[in-house]
1. Given the structure, is Leu65 touching a residue at least 40 places away in the same chain (Cβ under 8 Å), surrounded by 18 or more Cβ atoms within 10 Å (Cβ to Cβ) and aliphatic (A, V, I, L, M)?
2. Tally up the residues in region 122-143 that are buried (at least 16 other Cβ atoms within 10 Å of the Cβ), of a type outside the set (S, T, N, Q) and either within 8 Å of the ligand (Cβ to nearest atom) or modelled with pLDDT of 95 or more (or both), please.
3. Would it be correct to say that Asp80 is farther than 20 Å from Ser150 by Cβ, touching a residue at least 60 places away in the same chain (Cβ under 8 Å) and within 13 Å of the ligand (Cβ to nearest atom)?
4. So Arg151 ticks every box in (1) among the charged types (D, E, K, R); (2) within 12 Å of the ligand (Cβ to nearest atom); (3) within 21 Å of Arg81 (Cβ to Cβ) but one. Which box is left unticked?
5. Quick one: in region 107-120, of everything that is buried (at least 20 other Cβ atoms within 10 Å of the Cβ) and within 7 Å of the ligand (Cβ to nearest atom), which residue is farthest from Trp60 (Cα to Cα)?
6. Which residue pairs have Cβ atoms under 8 Å apart, sit 6 or more places apart or on different chains, and have a first residue in region 111-127 that is touching a residue at least 12 places away in the same chain (Cβ under 8 Å) and a second that is more than 6 Å from the ligand (Cβ to nearest atom) and of a type in the set (S, T, N, Q)?
7. Which of the residues belonging to region 144-169 are assigned to a helix (DSSP H, G or I) and surrounded by fewer than 20 Cβ atoms within 10 Å (Cβ to Cβ)?
Amino acid sequence: MLPLSSAAVRLVTPIETERLRLRPFHDDGRDVDALLAVLGDERSMRFYPAPFDRDGVGGWIGRQLERYERDGFGLLAIEDRATGEVIGDCGPTVQEADGESFVELGWHVLRARQGQGVATEAGAACRDAAFASLDSWFLISLIRPENRPSRRVAEKLGFEVWRGTIRAGWGHLIYRLDRPA
Ligand SMILES: CC(C)(COP(=O)(O)OP(=O)(O)OC[C@H]1O[C@@H](n2cnc3c(N)ncnc32)[C@H](O)[C@@H]1OP(=O)(O)O)[C@@H](O)C(=O)NCCC(=O)NCCS
């Protein structure tokens, strides 16, 4: 289903919105502190096994850099255009569910900046960029049922619940959004 071997499939970045700039993570470690504030926050990460520590965030950025090379896309840093501050991440990644590969849209926002529409604005731009650049028929978003804020973001972007799955021992909803006709 996925055109992963096609060198032509590459997400065009940066992606700019009214308030945000989404760009690939830097490969020199300069995004680690800002992303640690996002992914290391205990309350934000309550639907994950644990918040990330510094090494975990370094590894996480490394995996996005590998994805950019291998898949042509991965999670992007969300910068506040007004300040240049990194306030989260958002973007498409290849994810497996029940033995099949899909393009998934994901998002994480700095706790101090949550509730301001950042994930919705970034997610809408990534959704549109993914449909414009990638030839996937549809996007998914894997979300734990308890994660009401994330479900709400998916729904505001037009995703609907497709089915359930188990990932890492936990039930997840697979939200799905088909490519517009
Ligand atoms: C999910 C997340 C990215 C949302 O970011 P955000 O920038 O605050 O999202 P937005 O402001 O664009 O929209 C949030 C929506 O969720 C709603 N929401 C927030 N908290 C909620 C709650 N506890 N219950 C129900 N809805 C909630 C908001 O009201 C808003 O919807 P509305 O516009 O209809 O009012 C953010 O909460 C986060 O980073 N969570 C931790 C990481 C995470 O779980 N990522 C997703 C993994 S699947």
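1. no
2. 13
3. Criteria met by Asp80.
4. (3)
5. So the residue we want is Val118.
6. Glu121/Thr17; Ala122/Thr17; Ala124/Thr17; Ala125/Thr17
7. The answer is Arg148, Pro149, Arg151, Arg152, Glu155, Lys156.
The values are calculated or read from the model by the stated rules, or taken from the named source; none is laboratory data. In this text, all values refer to a predicted model and were calculated from it rather than measured experimentally. Every residue, glycine as well, gets a Cβ built from its backbone with ideal geometry; the counts of neighbours run over all protein chains shown.
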